[in-house]
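Inspection log for the structure reproduced underneath, given as structure tokens.
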Amino acid sequence: MLWACILLPQLAMDGVQRHRANPCEPLVLLTGSPQRRVLQAVNPAARALGLKPGQSLTAAQTLTRGVATAEYDLAAIERWQQFLAAWAYGFSAQVSLHYPRCLLLEVQSSLGLFGPWSRFEARLRAELSALAFQHRIAVAPNPAAARVLVNVGDGLMASDERMLKQMLDPLPVERLGLSATVTMAFNRMGLRQLRQLLALPRDSLAKRFPAEVLRHLDTLSGQRPLALDFFMPADVFDTRIELSFEVESHQALLFPLRRLTADLAAYLACRDSGVQRFTLHLEHRAGADTQIQVGLLSAERDPGMLFELTRGRLEHQQLPAPVLAVRLEARELPVFAPQHQQLFDERPQQNQPWEQLRERLRARLGDDALHGLGARADHRPEHAWQHEPTNPLLPPSGPRPGWLLSEPLPMREASLRILSGPERIESGWWDGEDVRRDYYVVQTRAGQRGWAYRTVGSDGPLLLHGWFA
Amino acid sequence: MSDYAELHCLSNFSFQRGASSAQELFERAARLGYRALAITDECTLGGIVRAWEASKKTGVKLIVGSEVVIEKGPKLVLLAENLTGYQALCGLITRARRRAAKGTYRLLHEDFVAPLDGLLAIWLSDGDASALPWLRSLFPERLWLGVELHRSADDTARLQRLLELAGDHDLPAVACGDVHMHARGRRALQDCMTAIRHHLPVAEAGAYLFANGERHLRRAEELAELYPPELLAQSLRIAERCNFDLDQLEYHYPHELVPAGHDATSWLRVLVERGTAERWPEGVPARARAQIEHELALIAELEYESYFLTVHDIVRFAREQHILCQGRGSAANSSVCFALGITELDPTQSRLLFERFLSRERNEPPDIDVDFEHERREEVIQYVFRRYGRTRAALTAVVNTYHGAGAIRDVAKALGLPPDQVNALADCCGRWSSGPPAPERLLEAGFDPQNPLLRRVLILTGELIGFPRHLSQHPGGFVISEHALDTLVPVENATMAERTVIQWDKDDLDRVGLLKVDVLALGMLSALRRCFGLIERYRGTQWTLATLPKEDPATYAMISRADTIGAFQIESRAQMAMLPRLRPNTFYDLVIQVAIVRPGPIQGDMVHPYLRRRNGEEPIDYPSDELKPVFERTLGVPLFQEQVMELAIVAAEYTPGEADELRRSMAAWKRHGGLEPHRQRLTSRMLEKGYTQAFTERIFRQIEGFGSYGFPESHAASFALLAYASCWLKCHEPAAYACALVNSWPMGFYSPDQVLQDARRHDVEVRPVDVRYSDWDCSLEPDEHGEPTIRLGLRMIRGMREDDAGRIEQARQCGAFRDVEDLSIRACLDASARERLADAGALSGLVGHRYQARWAVAGVEEQLPLFAGVSAPSEEILSLPAPSQGEDLLTDYVTLGTTLGPHPLALLRQALRAIRCKSSRELQAVEHGRPVSIAGLVIGRQRPQTASGVIFVTLEDEFGLVNVVVWHDLAERQRRVLVQSQMLRIDGHLETVDGVRHVIAGRLTDMTTMLTGLDIRSRDFH
């Protein structure tokens, strides 16, 4: 067998950089507590300014100013690893993420398809470069050796055991992938190269070092296999239907759409999950896909509803060009919480369940036309509510009207009777919209109860701010 | 005059709640004509002394009180009617605080079992009347229902409800304001503090913010609009009842120190007589006798005997335990203190006068700080607690106040700025700045000072700076009392277990007239005691601070050469630069030397005039004849804080009381301001008397300089004594002194490596760490001529544990070690200890070089009980290659922090010569103004606050140190190289002035790659 190890030396940085317009701009990734931020990774432009990983942000800022910063995000690294493993899975059935920030591929069996190695390697490099990931590649008869070689140099290849030994023997102990304490111990004994370690009597070595050390040395030389967990592609729904002709009307897309939504529903059912957001891609001969995002307020999987919803969105969509293929991609597949129904639930025909009505309204009127309502802990009435339903801890307050006017209106006071007040509200200096108002509950001659205020210290008219029910 | 007294008001000592200082509150109360103002901080009296002062300044009556929330019970405002009530309040607060973690309190129902006479209560009801019967029984005829209205929606209904409740239960109702700030304008700060307290951004803290800014001291018309007149009038009735004043506190020093049959005066005399007999065995010189009689009379007149007895008792304990100590402070350098052993400074031998330190006119309490060995100070503290008990002895508090960086950090966080920006803003402030950052700094850091959000941050930061943030403990300031302390001031817990802290800081104590004794820690005393011990064991000579030969010319010659690495106080770069100019040759010169390199004299431009006069380059004259006696000892130049005060008395006709006020203002002006009135008074009076404008301005700049690090002559004298002792030892016992310094580390300015390199440059032999000879500490061994050499101790080995070393010492006493196996078994060393010994080269005497040693110790098998005594099967002996010189050097630094081999620069010398870098020795031959290139390890970078933007770099090579001056422009241009290099090459030119040699840098080059891996620790800025 022959193993390629692809080292991704700047995985986190590459992951962030590929989303940024100008890769030449200095960029650093930060970790650490809010009190002590530390540079975890720096790009070449930042390195040129003297920034180094391990520096504190404070130290970095004394050296230079105006460096872009981003979070060193472990979850993102994990996602990119998965992404690249999936990519590698296209070249080999045995892909492993055994070593962090490394892809291990068994390549011998793939040489027939992609080989010879030089061509295969060129293709891997070309694709990784196209994906904008820095990489180094080495090949060896066993995965542990490949991992060690890739640290030593880019493009190294040991095609057999003999060659491998030649390459490994002179390697410094630091490069062997041994733990820091073991490496340090060897160094403190003046033992610098693998060759020197291998020349030591095995039992003397075994007496002085933990068993892993000998095991690791044996694995490197291929005398002991390395147990690997192999990568399995992730669970996402991504299905594509190629149309046999160029479709220009919405009507003709409904059939494949019904198929895709049905497939999705089936897929969701067997996973016992629902979908909250998915994308419909309409592929054209030239130009970017037309993408239709479909978002739901809660996870659903009813095929009829999924179809209706998508249809509603699709019909609002102008088709810029004929469609060649339709693809439905769903990545967020949360657990489905089914609705409880009465056994003998009788529902008039016209009556739609609330969820369905809600989604239909959204589909027809647009996502922004309909939203939930929640409270916010703010003394200013116009800031005391928000679109997302929430349940925060609220300050005590006086009576509040059910209908708040978006613009307060001046009132003719002659006809008003003050029922209670003033309630003084002074708050909001922090966002530049400080208010200082005395609120009164007032009654009009017609008997309506309103909520009106006057700015503290002014003698202008009362401004109507809301109506009580 | 408004007919109202505010009875519920928080100052900023209700941390993160009150948004105004007592001063601000009282000033506004005075403007509004309030009859009285109660300061009722939540379960604390920490701010009450400041409130008392503000009350005296403004003439508004202070009522002492506290707001408390009882666990599972009502919220009350407690007010002290008289001294008994005040004591009851102190007791309650102490109990509530002592049972809770630092900074919190738990007040329980059971706490109210204690007598509450003299304490009035205002009940702040939340509508639940169930606690009423209980409260009534506790506060018969002394309970009110508080009514607090803040223009919320239900004010009318609320008032109605409360009046009904009061009516139903026949309880008088009173209007209160729940005041959190002096004026409405503090609303933003108050919101911000609330957010800080809840660790939330303001925008998300809505649930905790007040709905409006009504919780301030309101005008009479506003109050009349809200409250029925009867409720307002009731506040006056309460205020009239409360007549407690902090003046009524009676403080007594402990009496148990006086044995039966004596009173404090006679007993002090007995102790002093005993002391004089010891100090002057051949009889007391007449001058000393006169001085002692004079001092005793003064002490008796001011009734300070108990204070001196208390300090004497602590010092006596230390002496019995062989803990070295030395007093300093205004009264410490008196003949009485010399006789009592509190100071080793013989006042008859110096030009210091006790009169200057304790005067009957100034009415200032005596102040004696005692420094103890830093490693053994804790023993002294525990002795004090043991001797007087926890109820009668406690530490003073330190009020931690907001500085620039901390304030801006909290405010920016509360305004929702992301952490990175919060940090960047804090960095703009500098470490100890007392103001918000300057706009230029902000622009430089990429902030727009005109941005509305940032302006809010800056305004609030400005308001918050100087506010108290929390109380912490003073490191060693004790208050000791004859009666339980909690009858004087509440006592609370400190962060450290086994410590209790009173709620007042030292300024508060001063004002109320409580005396404190400072039990401080000083590393140099540990080093000196060790050094005396080493000499005694080696030579049998017993030295003490008092017996060291005085005015030794060899010592002064060494000092004048600035050969003072490791000496006390005069070892810093700035001090060393001054020594060859000042060339001290008497003790009083040293006193001046210690005091002159300080912000006060430097900011006042006093240094150069003094040097010129001393060197005869400028005539000595005095601003006026009347000032001659004040400035004579410093050649007409004011250098000491005491001189500034005397000047105020003599030249500006200050009364002693005013001069004392000036002293306090000097110490506090950075925090509170308050120097402006003095500037006007001093200037106008001095101008009137014919002093020049320039002179008064210079004096005033110096006064400002004293503010940050006021350095009085009395402290300088004590420090000079230790500086002289350390220099004498360094001069005459260099081996013992270096050895003691290293054993006392961390302390001082230099690392053990630098101290040892210095010792070796002075021909002291240093021997390597070796398990066969080394103890934990470094020790002295005789060489072939009987001269002492330093044997490095096992403590030098990084990561070595003291108990491992102890077992090695013990095992060695039962016989020399045969081999590594024998050592490991007999001293019970685990793998890590063995490895550290091997790597440090401490096993070379047993198994050879460190590589061989590491291989050998790795082969030592842990002894299992079953196989005890059965030796392991022998193994083939393996011969490993020996380390090179460079490898040894690197490992020496990593494992020991120093090397006994060649200095790193010696190894690089040839390469350096090739690029024409001179060594520090060759530099001695270079003339002034010549271009020069040098290279060395960077062992120090300093940016003195007093030098504008200059950075001083100290380089070390195999021959010594080189001082480099990097001017501001170059430092900015080559910032990276300057900050990051461990080894630097400097191209520049040499400057020599008065024997001080500097290299003025023209270009810096980072040479660190030449010594990759070396662990040279530089002391960075500050």
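Of all residues in segment A:410-448 being touching a residue at least 40 places away in the same chain (Cβ under 8 Å) and over 48 Å from the mean Cα position of the chain (by Cα), which is farthest from the other protein chains (Cβ to nearest Cβ)?
Step by step, filter segment A:410-448, then rank; the result is A:R412.
Residue-by-condition table, conditions (1) farther than 20 Å from B:R761 by Cβ; (2) modelled with pLDDT of 90 or more; (3) over 37 Å from the mean Cα position of the chain (by Cα); (4) not in a loop (DSSP other than H, G, I, E, B):
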| site | (1), (2), (3), (4) |
| --- | --- |
| B:R913 | yes, yes, yes, yes |
| B:E927 | yes, no, yes, no |
| B:T946 | yes, no, no, no |
| B:R976 | yes, no, no, yes |
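Quick test for you: out of B:D178, B:D126, B:D111, pick the one residue that is under 21 Å from B:C43 (Cα atoms), at pLDDT below 90 and of a type in the set (D, E).
Residue meeting the stated conditions: B:D126.
Write out, first by first residue and then by second, each pair whose Cβ atoms fall under 7 Å of each other, whose residues are 6+ apart or on separate chains, and whose first residue, in segment B:385-401, is in contact (Cβ under 8 Å) with a residue 40 or more places away in the chain while the second is among the aromatic types (F, W, Y).
Correct list of pairs: B:A393/B:F385; B:A393/B:F478; B:L395/B:F478; B:T396/B:W504; B:A397/B:W504; B:T401/B:F467.
Name every residue in segment A:387-403 that is over 26 Å from the mean Cα position of the chain (by Cα) and within 13 Å of another protein chain (Cβ to nearest Cβ), in order of residue number.
A:N391, A:P392, A:L393, A:L394, A:P395, A:P396, A:S397, A:G398, A:P399, A:R400, A:P401
For the list (1) surrounded by 21 or more Cβ atoms within 10 Å (Cβ to Cβ); (2) out of contact with any Gly (no Cβ under 6 Å at 6 or more places or on another chain), I need the number of the one condition that B:G389 fails.
The single condition B:G389 does not satisfy is (1).
Among B:E303, B:E320, which is the only one that is over 28 Å from the mean Cα position of the chain (by Cα) and closer than 28 Å to B:R386 by Cβ?
B:E303
Among residues belonging to segment B:795-815 that are over 10 Å from B:V771 (Cβ atoms) and small (G, A, S), point out the one that is farthest from the other protein chains (Cβ to nearest Cβ).
Out of the qualifying residues, it is B:G815.
From B:L200, B:L145, B:L165, grab the single residue that is within 14 Å of chain A (Cβ to nearest Cβ) and farther than 21 Å from B:D41 by Cβ.
B:L200
Might you check whether a residue that is in contact (Cβ under 8 Å) with a residue 24 or more places away in the chain, outside the structural domain of A:F114 (by TED's automatic domain parsing), farther than 30 Å from A:S159 by Cα and of a type outside the set (A, V, I, L, M) occurs anywhere in segment A:39-49?
Yes, the conditions are met somewhere in segment A:39-49.
Any idea which of (1) outside any strand (DSSP E or B); (2) under 30 Å from B:L108 (Cβ atoms); (3) of a type outside the set (A, V, I, L, M, F, W, C) is the one B:G167 doesn't satisfy?
(2) is the only condition that B:G167 fails.
Residues that are modelled with pLDDT under 90: list the strands (runs of 3 or more DSSP E) wholly contained in segment B:473-579 that include at least 2 such residues.
Those strands (runs of 3 or more DSSP E) span B:516-522.
Touching a strand residue (DSSP E or B) at 6+ places or on another chain (Cβ under 7 Å), assigned to a helix (DSSP H, G or I), crowded, with 23+ Cβ neighbours inside 10 Å and not polar (S, T, N, Q) - does that describe any residue in segment B:771-780?
No: segment B:771-780 contains no residue that is touching a strand residue (DSSP E or B) at 6+ places or on another chain (Cβ under 7 Å), assigned to a helix (DSSP H, G or I), crowded, with 23+ Cβ neighbours inside 10 Å and not polar (S, T, N, Q).
Which count do you get for residues in segment B:580-617 that are surrounded by 20 or more Cβ atoms within 10 Å (Cβ to Cβ), in contact with a Lys or Arg (Cβ under 8 Å, 6 or more places away or on another chain) and either not in a helix (DSSP H, G or I) or not assigned by TED's automatic domain parsing to the domain that holds B:R633 (or both)?
2
Check B:L340, B:L353 and return the single one that is modelled with pLDDT under 90 and either touching a His at 6+ places or on another chain (Cβ under 6 Å) or surrounded by fewer than 21 Cβ atoms within 10 Å (Cβ to Cβ) (or both).
B:L353
Suppose we filter B:M686, B:M645 for residues that are modelled with pLDDT of 85 or more, under 15 Å from B:I703 (Cβ atoms) and assigned by TED's automatic domain parsing to the domain that holds B:R581; which single one remains?
Just a single option satisfies the conditions, and that option is B:M686.
For segment A:207-227, enumerate the residues that are more than 14 Å from chain B (Cβ to nearest Cβ) and in a loop (DSSP other than H, G, I, E, B).
A:S221, A:G222, A:Q223, A:R224, A:P225, A:L226, A:A227
Taking A:R364 as the residue in question, decide whether it is more than 14 Å from chain B (Cβ to nearest Cβ) and of a type in the set (K, R).
It is true that A:R364 is more than 14 Å from chain B (Cβ to nearest Cβ) and of a type in the set (K, R).
Looking at B:D178, B:D170, B:D245, B:D191, can you tell me which residue is closer than 25 Å to B:G146 by Cα and within 14 Å of chain A (Cβ to nearest Cβ)?
None of the other options fit; the residue is B:D191.
Are there strands (runs of 3 or more DSSP E) fully within segment A:395-444 with at least 3 residues that are under 14 Å from B:D154 (Cα atoms)? List them.
A:417-427, A:435-443
Of all residues in segment A:367-381 being free of Cβ contacts under 8 Å to residues at least 40 places away in the same chain and of a type in the set (D, E, K, R), which is farthest from the other protein chains (Cβ to nearest Cβ)?
A:D368
Any residue that is among the hydroxyl-bearing types (S, T, Y) and in contact with a helix residue (DSSP H, G or I) (Cβ under 6 Å, 6 or more places away or on another chain) - is there at least one of those in segment B:273-295?
Yes, there is a match, as at least one residue in segment B:273-295 is among the hydroxyl-bearing types (S, T, Y) and in contact with a helix residue (DSSP H, G or I) (Cβ under 6 Å, 6 or more places away or on another chain).
Of the residues A:L254, A:L198, which single one is assigned by TED's automatic domain parsing to the domain that holds A:A321, at pLDDT 85 or above and part of a helix (DSSP H, G or I)?
Step by step, each of A:L254, A:L198 is checked, and only A:L254 is assigned by TED's automatic domain parsing to the domain that holds A:A321, at pLDDT 85 or above and part of a helix (DSSP H, G or I).
Provide a single number: the residues in segment B:88-142 that are in a loop (DSSP other than H, G, I, E, B) and more than 41 Å from the chain's Cα centre (by Cα).
11
Which numbered condition trips up A:A288, out of (1) touching a residue at least 60 places away in the same chain (Cβ under 8 Å); (2) part of a loop (DSSP other than H, G, I, E, B)?
(1)
Can you pull out every residue in segment B:97-126 that is of a type in the set (G, A, S) and within 21 Å of B:A38 (Cα to Cα)?
B:G118, B:A121, B:S125, listed by residue number.
Can you find a residue that is closer than 27 Å to A:R192 by Cβ, at pLDDT 90 or above, within 14 Å of chain A (Cβ to nearest Cβ) and part of a loop (DSSP other than H, G, I, E, B) anywhere in segment B:864-883?
Within segment B:864-883, none of the residues are closer than 27 Å to A:R192 by Cβ, at pLDDT 90 or above, within 14 Å of chain A (Cβ to nearest Cβ) and part of a loop (DSSP other than H, G, I, E, B).
The values are calculated or read from the model by the stated rules, or taken from the named source; none is laboratory data. What you are looking at is a predicted structure, and each value in this text was computed from that prediction instead of being measured. Note that each Cβ is placed from the backbone with ideal geometry, even for glycine, and that neighbours are counted across all protein chains shown.
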